[in-house]
Amino acid sequence: MKDTILIIDDVELNCKILMECLGNRYDYLQASNGKEALEILEIYHTNIEAILLDIVMPIMDGYEFLSEFKKIKAYQEIPVIAMTGEELNEVEEKIIEAGAVDFFEKPYNQAIIRNRLRNTLNLTRALKAGRTDGLTGLLNRGAFRHEIETYLIENKKPAAVMIIDIDNFKRVNDVYGHFFGDKVLIEFANIMLDCCSENSAIGRLGGDEFIVLLKEVESTEQVKKISNDIINKFNKAMSQFEGEVPSCSIGISCYPQDGISISEIYLHADEALYNAKRLGKSKSSFYLDGQKVLPKSISVVGKEWILESLNAYIYIVDLESNYLYYVNNKVAQVMNDRDIFVEEDITKCFDIEAEIKEINSNLLENKHSNKIFNKNGKDVISISNITKWGESNCAKIQVFIELDKE
């Protein structure tokens, strides 16, 4: 399938020269000014891979177009290459500040045009691949986290987070195969995109778990309607199945009333999801909507995304040998090593050998399992019982958190 390029230029001859230069490797859309281009983008923006923009045009010139273009979030991943007949040393800085990613001069140099467009498209694909889930095209964990961090810092308006889990998905994979299971995940992603507004951030956390940030929400009724739309449309799409039909359960927390930090909002939505499951699946539930609040020790377990973001030292260690298997970001900063599995002794990573060994000794004796205790001015929370690591050697493993007092 060919990439589609939008050419914005009021001179028809210039458009023809560009298309002849680039050849039949692309499909083309044309606009004679910025206003007409915005109208085309409103309809076709999901198909457009790049824009070639003339700066000097009637009605709406290139700078005015870029000013309006930048306001629309759905367009932000479309690169714009500016074209100008002016001296570059006079307008170069202005063009880049306006939002173009690159530029070239008139009259056109065919080799430069082809290479710069190709390089721009390749870079855009690479950046997009680093932000999106390979199967569904939704945001991946890292990109979603950036979205919610940016929103909480720059925009204090009310929002809602929905954590969504597909019910009975394992049965789909077991009975129909993983290829069909992937089709279900893609279908569900499209349903979420259809039900949520364009300024929403939608991501896949992994497996059959998804997350949505609804921005600038006006009421809980609005959020409830969106969650019901997702559930109902997915139920209709999955009506072909027999027996335990795939459905979805949704947990919702609202900003700022249910929390002001990422970890609070996420954990509260996760607890609401647990309640939705408890109510019989294919349902949505708001945080504290009649449910019993889960202990933090239960709701954190297995949520590596949250473990990575907490302002705490978190690691998995063999309690007998002090062999370190996992560290989160905060520990990794101390170690200057971001590898997930680190073949090091935990006591070599911190200048607190005696303290670590004493804590591990206490945990081995099961004195503090799933409890909070204090050690040298720091709260230590054990969040899982001693368990087995793999099937060989049966190493004893304990996950725990050292919370900073500040």
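The values are calculated or read from the model by the stated rules, or taken from the named source; none is laboratory data. Everything numeric here is computed off the predicted structure, so don't read it as measured data. Cβ coordinates were reconstructed from backbone atoms using ideal geometry, including for glycine residues, and neighbour counts include every protein chain displayed. Calculation scope for accessible area: heavy atoms of the full protein, side chains included, ligands and nucleic acids excluded. Shrake-Rupley method; radii C 1.70, N 1.55, O 1.52, S 1.80 Å.
What does the extension gain come out to for Cys21 and Leu193, with contour length at 0.36 nm per residue minus their alpha carbon separation?
Full-extension gain reported as 58.3 nm.
Between Thr4 and Glu97, how many nm apart are label points set 7 Å from Cα along the C-beta direction?
The answer from the label model is 3.4 nm.
Show me the trypsin sites (Lys or Arg not before Pro) within segment 106-183 that DSSP assigns to loop and that have at most 15 other Cβ atoms within 10 Å of their Cβ.
Lys156
Starting from the Cα-Cα distance between Gln222 and Asn119, subtract it from 0.36 nm times their residue separation and give me the gain in nm to one decimal.
32.8 nm
From the C-alpha gyration tensor of segment 123-274, pull out the three semi-axes of the equivalent ellipsoid (sqrt of 5λ each), sorted largest to smallest, in whole Å.
26, 19, 13
Against the empirical 2.2 N^0.38 Å scaling, what ratio does the C-alpha Rg of segment 69-179 come to?
That works out to 1.57 for segment 69-179.
What is the extension gain from Lys170 to Glu244, computed as 0.36 nm multiplied by their sequence separation minus the C-alpha to C-alpha distance, in nm to one decimal?
25.6 nm is the gain from fully extending Lys170 to Glu244.
Over 26 Å between Cα atoms: which of Lys183/Lys283; Lys94/Lys215; Lys70/Lys283; Lys71/Lys106; Lys233/Lys277 fall into that group?
The answer is Lys94/Lys215; Lys70/Lys283; Lys71/Lys106.
Let a ≥ b ≥ c be the square roots of the eigenvalues of the Cα gyration tensor of segment 1-53; is it rounded (a/c under 1.5), or, if not, prolate (a/b larger than b/c) or oblate?
In terms of gyration-tensor shape, oblate.
Tell me the GluC sites (Glu not before Pro) within segment 33-90 that lie in a loop according to DSSP and have at most 16 other beta-carbon atoms within 10 Å.
Counting only loop positions with at most 16 other Cβ atoms within 10 Å, the GluC sites (Glu not before Pro) in segment 33-90 are Glu77, Glu86, Glu87.
How high is the relative contact order of segment 18-66, in percent, with contacts defined as C-alpha pairs under 8 Å that are six or more residues apart?
So the answer I get is 39 percent.
Just round it to a whole percent: the fraction of Cα-Cα distances in segment 18-113 exceeding 22 Å.
Tail of P(r) above 22 Å: 25 percent of Cα pairs.
Stokes-Einstein diffusion coefficient for segment 223-264 at 10 °C in a medium of 1.306 mPa s, Rh from the Kirkwood formula over Cα pairs: what value in µm²/s?
Roughly 129 µm²/s, to the nearest whole number.
Determine, from the Cβ-Cβ distance of Asn155 and Glu77 and an R0 of 22 Å, the FRET efficiency 1/(1 + (r/R0)^6), rounded to the nearest 0.05.
For R0 = 22 Å, the calculated efficiency reads 0.65.
With every protein chain left in place, what is the accessible area per residue of segment 25-148 in square angstrom, probe 1.4 Å?
I get 53 Å² per residue for segment 25-148.
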